[in-house]
Amino acid sequence: MTENGKIIIPNDFRILLAEDNIINQRVAVLSLKRLGLFCDIANNGNEAVEKYIANRYSLIFMDMQMPMLDGVGAVVKIREYEKDNQIKSFCWIVAVTANSFSTDKEECFQAGMNDFINKPFSEAELRMVIEKALQSRS
C-alpha cells in the first residue's frame, strides 16, 4: 500500500539490513528513507542472526558476502531458529548481491531466502521486494 509514493507499512513490520560495506549501507538506508521507511543495520551475518532473534524482523535484506558468517549461513541459522521455536510468520529474507549467476540464486533459495535482488538495485526494485514481503503477511 502506498501514499504519496511512500510505502505504508504496519507498525510491527520491522526491516533489517545485513551489510558490511558502509557505502552500501548508506545507499540502502537512503533508498529506504526515500520510500518513507527505516531499518536497523547488522554489520555481519552473526550480528544479523542475533538482531533477528532479539527483534523478530519482518524483512531482512541480506548481503551474501559478509565477514564472520556469510548471508547463506545467516539465513540457515535464522530458519533453524524459526523452526526450533515454531514461529509461524517467517521473516521475508531477500538476498542482496553483485553476483547474479543462476547458481548463486539457487543457493540462496535452497538456504531459505524468499527473493533476490542485484547490487546496485533501483528504488523500483526495492519497492517491489517490500511489497512482496507485505503481501506474504496477509
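The values are calculated or read from the model by the stated rules, or taken from the named source; none is laboratory data. On a predicted model such as this, the values are computed, not experimentally measured, just so you know. For neighbour counting, all protein chains shown are included, and Cβ atoms are generated from backbone atoms with ideal geometry for every residue, glycine included. In case anyone asks, the SASA skips ligands and DNA or RNA and just uses the protein heavy atoms, side chains included. Shrake-Rupley method; radii C 1.70, N 1.55, O 1.52, S 1.80 Å.
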Seminar exercise, completed: If the chain between Q86 and I8 were fully extended at 0.36 nm per residue, the gain over the current Cα-Cα distance would be 25.2 nm
For this session: Could you tell me the accessible area of F90 in Å² (1.4 Å probe, neighbours in place), rounded to the nearest ten?
Result: 110
Exercise. Quick one: how many lysine pairs in the chain have C-alpha atoms under 18 angstrom apart, if they're 8 or more apart or on different chains?
Worked result: 9
For this session: Specify the residue with the greatest mean-square fluctuation among G45, G112, G36, computed from a Gaussian network of the chain linking alpha-carbon atoms under 10 Å apart.
Result: G36
Problem set entry | Relative contact order %, the chain, counting alpha carbon pairs below 8 Å whose residues are six or more apart | 22
Problem set entry | Formal net charge of residues neighbouring A18 (Cβ-Cβ distance under 9 Å; K, R +1; D, E -1) | -3
Exercise. Mind checking the dipole of the chain: about its Cα centre, +1 per Lys or Arg Cβ, -1 per Asp or Glu Cβ, Debye to the nearest 20?
Worked result: 420
Exercise. Considering the dipole of the chain built from charges on the beta carbon (Lys and Arg +1, Asp and Glu -1) around the Cα centre, which of A111, P67, S136 is farthest to its positive end?
Worked result: S136
Seminar exercise, completed: Of T103, T97, ordered by accessible area with the largest first and a 1.4 Å probe, the sequence is T103, T97
Exercise. With labels modelled as points extended 7 Å from the Cα through the Cβ direction, what inter-label distance (nm, one decimal) is found for R34 paired with E106?
Worked result: 3.5
Exercise. When ligands, DNA and RNA are left out and all protein chains stay put, how many square angstrom of accessible area per residue does the chain have with a 1.4 Å probe?
Worked result: 55
Problem set entry | Sequence-separation-based contact order of the range 34-81, relative, with Cα cut under 8 Å and 6+ spacing, percent | 42
Problem set entry | Size of the chain as Cα extents on the principal axes (Å, biggest first) | 39, 32, 26
